[in-house]
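The structure under discussion appears below in the form of structure tokens.
The values are calculated or read from the model by the stated rules, or taken from the named source; none is laboratory data. Computed from a prediction, not measured in an experiment: that's the story for all the values here. FYI the Cβ positions are ideal-geometry reconstructions off the backbone, even for glycines, and counts take in every protein chain you see. SASA here: full protein model, heavy atoms, side chains in, ligands and nucleic acids out. Shrake-Rupley method; radii C 1.70, N 1.55, O 1.52, S 1.80 Å.
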Amino acid sequence: MAHLGSGRRRLAVPVGLALTASLALLPAVAASAAPLGNTAETAKVSRPDISGPKLSYVANLTAYGTVKQAKKAIERAGGTVVTSYEQIGVVVAHSQNPEFAKQLRAQRSLFVSVGATRTAPLSPVQTTEEGSTQKLSAADAAKAAAQATAGEEPLEPNQWDLRAIKADQAHKINDGSPDVTVGVIDTGVDDTHPDLAPNFSAGQSANCVGGVADTTEGAWRPYADGSDHGTHVAGTIAAARNGIGISGVAPGVKVAAIKVSEPATSLFYTEAVVCGFMFAAEKGIEVTNNSYFVDPWNYTCKNDDDQKALVEALARATKYAERKGVLSVASAGNSGHDLASSAIEDTTSPNDTTPVTRTIDPKVCLDLPTQLPGVVTVSATGDQGFKSYYSSYGLGVVDVAAPGGDKYQVPGTPDANGRVLSTVPGGGYGYKQGTSMAGPHVAGVAALLKSAHPHATPSQLQAMLKAQATKAACPDKIYDGTGALIDATTCNSKWGQTGYYGYGVVDALKAVK
């Protein structure tokens with residue numbers, strides 16, 4: 001599976017993205033572009049080889065290149081254009097020419113970088129959850145409903161996660177504004193679920209698989225054989241307070257679905273994710289939740305010709321979305337890795353063909369979109385407030401923490417289940433754990449902040465999230481993957497931050513006050 005994770009599949013990349021002038025070119029890619037340099041660069045490629053597997057590519061233009069020029073170059077190299085984004089100078093193309101990327105890269109006055117988005121051929125997802133979904137039984141539902149108090153949703157007694165961030169108290173003041181929409185970039189959302197239908201925004205929803213937004217009715221829903229991940233995430237953000245099941249963190253805001261996962265595999269490829277961010281930007285979405293990592297690389301390396309093109313395209317898309325008023329929230333991943341370390345062993349990439357063990361530097365090889373500039377990076381906690389045993393972390397990388405669930409941190413709820421309860425397709429409810437579940441708690445709090453401060457910019461919202469977070473010091477102990485308590489020797493702190501919790505655990509009550 002891609003990388004959802006009941007938390008965020010190891011479905012990421014911070015700092016130091018030495019992006020070329022490309023980020024500065026976002027507003028318009030050279031309406032008055034300079035002519036290409038020498039004729040060698042523009043010479044026709046005669047009879048390009050089309051005997052290879054059909055792959056998808058992203059081509060990132062220089063400040064002087066135009067989409068029109070890029071389309072001609074792509075066709076000469078044996079490719080076909082799928083879509084283009086003039087706003088950020090990114091073109092998505094398909095080709096069976098094994099030398100396609102190399103031939104385009106040679107045209108240096110036109111392309112900054114060109115790379116294949118996958119290692120497996122196109123065929124007619126992953127997330128960041130840890131483990132499979134545990135369905136809520138009728139008996140547990142009845143037990144919770146019997147203990148619900150006045151003003152609570154029937155299943156709210158089992159929602160320890162809401163109380164952990166004071167969302168239950170926040171709801172007594174403000175549920176959030178219907179003028180604010182959170183876009184769930186994920187595996188699709190079942191908008192027919194009775195807890196999601198009241199707050200669903202069909203006009204801001206689409207299927208971006210393949211790189212082109214499909215807005216036909218229901219295109220945003222999960223595949224029939226697909227994942228329940230996106231629906232679970234959506235419920236945590238904005239399940240309505242309607243007396244039916246659970247409550248979301250921000251039950252008064254709107255939620256939209258932007259499906260980016262491939263059928264059957266649930267892989268999240270670059271062209272789909274770029275489409276997702278661009279669609280959110282153009283549709284007036286205020287917050288996006290990203291509980292995944294971009295396939296096929298758990299960590300995408302800027303020192304590789306193909307992979308650096310993916311980093312560049314995604315960085316341009318997220319930066320453009322930010323400039324259009326979108327705050328992006330992403331899960332830190334479920335690998336238990338220290339994203340601030342000097343080296344990480346990655347044994348899972350590429351995950352669409354045959355993985356090869358490699359040692360990477362997380363400053364060079366990024367967890368996408370988690371480590372991109374401007375993206376809020378979220379680690380996961382359990383009921384006892386400890387970092388969840390699976391959650392990745394990193395001093396200076398993690399911004400804030402939120403409940404993602406931990407089966408070893410057992411709450412005193414009717415169900416005594418340490419995972420996070422939320423909506424699943426077909427009108428049901430289920431438990432998941434992972435940084436995929438932590439991210440939507442932060443997205444929900446961000447939506448409450450945007451509701452209270454409608455003119456706040458994404459950077460201002462991020463600053464408020466950090467300033468209002470409940471400080472959490474490094475703990476003495478944490479649970480490991482076996483449920484044993486061990487010394488928390490991997491937690492570092494500096495300048496009011498910790499590697500486990502960043503600036504602290506988000507606070508919904510402060511967001512509405």
Candidates LYS68, LYS44 - the one that is out of contact with any strand residue (DSSP E or B) (no Cβ under 7 Å at 6 or more places or on another chain), among the basic types (Lys, Arg) and either at pLDDT below 95 or assigned to a loop (DSSP other than H, G, I, E, B) (or both): LYS44
Cβ-Cβ under 8 Å pairs, at least 6 apart or on other chains, the range 343-364 side modelled with pLDDT of 95 or more, far side part of a strand (DSSP E or B) and of a type in the set (Gly, Ala, Ser): none
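Considering only the range 99-181, give the helices (runs of 4 or more DSSP H) lying wholly within it that have at least 3 residues that are under 23 Å from PRO53 (Cα atoms) and modelled with pLDDT of 95 or more. Show your work before the answer.
Numbers: elements: 100-105, 138-147, 160-164, 167-170.
Helices (runs of 4 or more DSSP H) meeting the threshold: 100-105.
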Of all the residues that make up the range 241-276, how many are more than 14 Å from THR187 (Cβ to Cβ), touching an Asp or Glu at 6+ places or on another chain (Cβ under 9 Å) and part of a helix (DSSP H, G or I)? 1
Say we look at the range 431-455 and pick out the residues that are part of a helix (DSSP H, G or I) and open to solvent by 10 Å² or more (accessible area, probe 1.4 Å); which of these is farthest from ASN334 (Cα to Cα)? ALA452
Going through the range 151-210 one residue at a time, which ones are of a type in the set (Val, Ile, Thr), open to solvent by 10 Å² or more (accessible area, probe 1.4 Å) and over 19 Å from LYS450 (Cβ atoms)? THR192, VAL209
Would you mind telling me which numbered condition in (1) part of a strand (DSSP E or B); (2) open to solvent by 40 Å² or more (accessible area, probe 1.4 Å) ILE478 fails? (2)
Filtered residues of the range 282-313 (kept if surrounded by 24 or more Cβ atoms within 10 Å (Cβ to Cβ) and within 23 Å of THR215 (Cβ to Cβ)): ILE285, GLU286, VAL287, THR288, ASN289, ASN290, SER291, TYR292, VAL294, ALA313
Does VAL329 count as in contact with a Gly (Cβ under 9 Å, 6 or more places away or on another chain), part of a strand (DSSP E or B) and within 25 Å of ILE185 (Cβ to Cβ)? yes
Could you check LYS54 against (1) within 18 Å of GLU271 (Cβ to Cβ); (2) of a type in the set (Lys, Arg); (3) in contact with a Lys or Arg (Cβ under 6 Å, 6 or more places away or on another chain) and say which number it fails? (3)
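Can you confirm whether ILE237 is in contact with a Phe, Trp or Tyr (Cβ under 9 Å, 6 or more places away or on another chain), among the aliphatic types (A, V, I, L, M) and open to solvent by less than 30 Å² (accessible area, probe 1.4 Å)?
On the way: in contact with a Phe, Trp or Tyr (Cβ under 9 Å, 6 or more places away or on another chain): no; among the aliphatic types (A, V, I, L, M): yes; open to solvent by less than 30 Å² (accessible area, probe 1.4 Å): yes.
Against the criterion (in contact with a Phe, Trp or Tyr (Cβ under 9 Å, 6 or more places away or on another chain), among the aliphatic types (A, V, I, L, M) and open to solvent by less than 30 Å² (accessible area, probe 1.4 Å)), ILE237 does not qualify.
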Taking the criterion of being surrounded by 24 or more Cβ atoms within 10 Å (Cβ to Cβ) and farther than 25 Å from ALA447 by Cβ, would at least one residue in the range 324-334 satisfy it? no
Specify which of the listed residues (ALA146, ALA70, ALA120) is over 24 Å from the mean Cα position of the chain (by Cα) and either closer than 30 Å to VAL233 by Cα or open to solvent by 10 Å² or more (accessible area, probe 1.4 Å) (or both). ALA146
